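The values are calculated or read from the model by the stated rules, or taken from the named source; none is laboratory data. All values reported here derive from a predicted model rather than from experimental measurement. Here the Cβ positions follow ideal geometry from the backbone for every residue, glycine too, while neighbour counts run over all protein chains shown.
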Amino acid sequence: MAAETICRGLSERLQNFDAQPCRDAELAPAKPLSVGKRPLLYRDFPATAANVAPKRVLILGGIHGDELSSVAVVFQWIELLKSGRYDRYSWRVLPLTNPDGLFARPATRVNARGVDLNRNFPSPQWSSQALSYWKDKTRGDKRRYPGPEAASEPETRWIVEQIEQYQPDAIITVHAPYGVLDFDGPQDPPKKLGYLRLQPLGVYPGSLGDYAGLSLKLPVITLELPQAHLSPSASQSGRIWSDLLVWLDKTIAKQPAAR
């Protein structure tokens, strides 16, 4: 029922979103709930049994609730993963990490407590920089409030737990609407993924790029889709996916495990 509610809501709010593949995604509810008591859903796609030490990839969508296309493209990728053609890697997919923001009316970037989850990650400089950056650089923009303390939100803590427990070798996170490709981490970034070209945006105190890319030294690929309320076509998301696999095979598959 939780997944059905999310799929129906997405089909009502997002142009050209097909609810049926969403219903067929077989998402499982995690133990924690969002601030608004909505389920946090995920699905694992394990590597083939023949691969005894597969690299692990974590995919995140919908950290900002008003970036609906970031959720839709993850569901498109779930359809690809269900084919079993990509089981040389293990995948964990979190398609909607801020359900309260998405289902607010209107949808909001922040969660139900008004916190920007992508400024709430516990990077080492959070206490000294996050709130002062918010006040000085954004002039207290409510859309970018980092929260009262690092990892104050259950949604943020859940993502942090996924990183700690799953120990991914790469993280893919999807946003909108800048229409570029961003990257944080020590590896060489991809120059393009599909129609998205590399244009580093920098990190912010408490962002996922700051926490996982700079602090944990994990590659964090951030896709900034060009539109927040119109999902890419299947061919567009497929080209992004194909280029992503090329980069993973070239850069991640040959590296020692991060564990």
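Please specify each residue of region 191-225 satisfying the condition of being in a loop (DSSP other than H, G, I, E, B) and either within 18 Å of residue 75 (Cβ to Cβ) or in contact (Cβ under 8 Å) with a residue 60 or more places away in the chain (or both). 194, 204, 205, 206, 207, 225 - these are the residues of region 191-225 that are in a loop (DSSP other than H, G, I, E, B) and either within 18 Å of residue 75 (Cβ to Cβ) or in contact (Cβ under 8 Å) with a residue 60 or more places away in the chain (or both). As a summary of the residue check, residue 239 satisfies the conditions (1) buried (at least 18 other Cβ atoms within 10 Å of the Cβ); (2) modelled with pLDDT of 95 or more except for the one numbered (1).
All conditions but one from (1) farther than 25 Å from residue 45 by Cα; (2) at pLDDT 95 or above; (3) not polar (S, T, N, Q) apply to residue 105; the one that does not is (2). The lone criterion from (1) among the aromatic types (Phe, Trp, Tyr); (2) under 19 Å from residue 91 (Cα atoms); (3) touching a Ser or Thr at 6+ places or on another chain (Cβ under 7 Å) left unmet by residue 211 is number (2). Restricting region 72-100 to residues that are aliphatic (A, V, I, L, M) and out of contact with any strand residue (DSSP E or B) (no Cβ under 8 Å at 6 or more places or on another chain) leaves a set whose member that is farthest from residue 7 (Cα to Cα) is 80.
Considering region 97-107, and only residues there that are aliphatic (A, V, I, L, M) and in contact (Cβ under 8 Å) with a residue 40 or more places away in the chain, the residue that is surrounded by the most Cβ atoms within 10 Å (Cβ to Cβ) turns out to be 102. Residues that are under 14 Å from the mean Cα position of the chain (by Cα) and in contact (Cβ under 8 Å) with a residue 60 or more places away in the chain were ranked within region 108-119; the one that is farthest from residue 158 (Cα to Cα) is 119.
One residue alone among 81, 131, 68 is buried (at least 18 other Cβ atoms within 10 Å of the Cβ) and within 24 Å of residue 12 (Cα to Cα), and that residue is 68. Screening region 1-65 for strands (runs of 3 or more DSSP E) wholly inside it with 1 or more residues that are closer than 24 Å to residue 230 by Cα, touching a residue at least 40 places away in the same chain (Cβ under 8 Å) and not acidic (Asp, Glu) returns the ranges 39-45, 56-60. Taking residue 149 as the residue in question, decide whether it is closer than 15 Å to residue 206 by Cα and within 19 Å of the chain's Cα centre (by Cα). Here the answer is no, as residue 149 does not meet what is asked. Would you please name the residue that is farthest from residue 63 (Cα to Cα), looking only at residues in region 209-239 that are of a type in the set (A, V, I, L, M) and within 15 Å of the chain's Cα centre (by Cα)? Only one residue tops the list, namely 218.
Within region 48-71, the set of residues being modelled with pLDDT under 95 and of a type in the set (A, V, I, L, M) comprises 49, 50, 52, 53, 68, 71. Looking at 145, 89, just one residue is crowded, with 18+ Cβ neighbours inside 10 Å, touching a residue at least 40 places away in the same chain (Cβ under 8 Å) and farther than 14 Å from residue 211 by Cβ, and that residue is 89. Reported count of residues in region 189-209, each being at pLDDT 95 or above and either surrounded by fewer than 18 Cβ atoms within 10 Å (Cβ to Cβ) or closer than 13 Å to residue 224 by Cα (or both), is 9.
The single condition among (1) without any contact (Cβ under 8 Å) to a residue 40 or more places away in the chain; (2) closer than 14 Å to residue 220 by Cα that residue 128 does not satisfy is (2). For region 5-46, taking the residues that are of a type in the set (Ser, Thr, Tyr) and either farther than 25 Å from residue 84 by Cβ or modelled with pLDDT under 85 (or both), the one that is surrounded by the fewest Cβ atoms within 10 Å (Cβ to Cβ) is identified as 5.
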